[in-house]
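Trainee: Got a structure for you, questions after.
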Amino acid sequence: NIMAEKEFPEIKEKNQGKFTAWVKKNMPGKSTCAAASAVMKNKKKYKPAVVKMANYAKNFGCSTKK
């Protein structure tokens, strides 16, 4: 797997916490990972920027490290 060998792309410092903040505002009570899953299941409902953040969260924040 090529992705596993590369280090995952760093989030710019100014963007850190943006998705978590969005989740707290738009999906209160949901965990960040649950919200990311919900966004990815219904991409048309959300802005592309939110979908990108959710995808990143799912790929790098929510995947359990082995």
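Trainee: Return the residues of segment 39-59 that are open to solvent by less than 60 Å² (accessible area, probe 1.4 Å) and free of Cβ contacts under 8 Å to residues at least 12 places away in the same chain; say none if nothing qualifies. Let's see the steps before the verdict.
Mentor: Start the filter on segment 39-59 by keeping residues that are open to solvent by less than 60 Å² (accessible area, probe 1.4 Å), which leaves 39-40, 46, 50-51, 53-54, 56-57.
The answer is Tyr46, and nothing else.
Trainee: Filter segment 1-27 down to residues that are open to solvent by 100 Å² or more (accessible area, probe 1.4 Å) and either in a helix (DSSP H, G or I) or at pLDDT 95 or above (or both), then give me how many there are. Before you say what the answer is, go through the steps one by one.
Mentor: Of segment 1-27, the ones open to solvent by 100 Å² or more (accessible area, probe 1.4 Å) are 1-3, 5-7, 10, 12-14, 16, 18, 24-25.
Restricting the remaining residues to those that are either in a helix (DSSP H, G or I) or at pLDDT 95 or above (or both) gives 2-3, 5, 13-14, 18, 24-25.
Total satisfying the criteria: 8.
Trainee: Out of Ser63, Ser31, I need the residue that is at pLDDT 80 or above and of a type in the set (S, T, N, Q). Which one? Before the answer, list the steps.
Mentor: On the way: Ser63 fails: at pLDDT 80 or above.
On inspection, the qualifying residue turns out to be Ser31.
Trainee: How many residues does segment 39-56 contain that are in a helix (DSSP H, G or I) and of a type in the set (Ser, Thr, Tyr)? Working first, answer last.
Mentor: Within segment 39-56, the subset in a helix (DSSP H, G or I) is 39-41, 43-45, 48-56.
When the remaining residues are screened for being of a type in the set (Ser, Thr, Tyr), the result is 56.
Of the residues in that region, 1 qualify.
Trainee: Under 7 Å between Cβ atoms, which residue pairs at least 6 apart in sequence (or on different chains) link something in segment 4-27 that is closer than 11 Å to Tyr56 by Cβ with a partner that is of a type in the set (Val, Ile, Thr) and modelled with pLDDT of 70 or more?
Mentor: Between residues of segment 4-27 that are closer than 11 Å to Tyr56 by Cβ and residues that are of a type in the set (Val, Ile, Thr) and modelled with pLDDT of 70 or more, the close pairs are Phe19/Thr32.
Trainee: How many residues are more than 20 Å from Asn15 (Cα to Cα) and among the small types (Gly, Ala, Ser) if we restrict to segment 38-53? Steps first, please.
Mentor: To start, the set of residues in segment 38-53 that are more than 20 Å from Asn15 (Cα to Cα) comprises 38, 41-45.
Those still in the list that are among the small types (Gly, Ala, Ser) too: 38.
So the answer is 1.
The values are calculated or read from the model by the stated rules, or taken from the named source; none is laboratory data. In this text the structure is predicted, and so the values were computed from the model without any measurement. Neighbour counts run over all protein chains shown; Cβ positions are idealised from the backbone, glycine included. When the accessible area is computed, the model is the full protein with side chains, heavy atoms only, and any ligands, DNA or RNA have been set aside. Shrake-Rupley method; radii C 1.70, N 1.55, O 1.52, S 1.80 Å.
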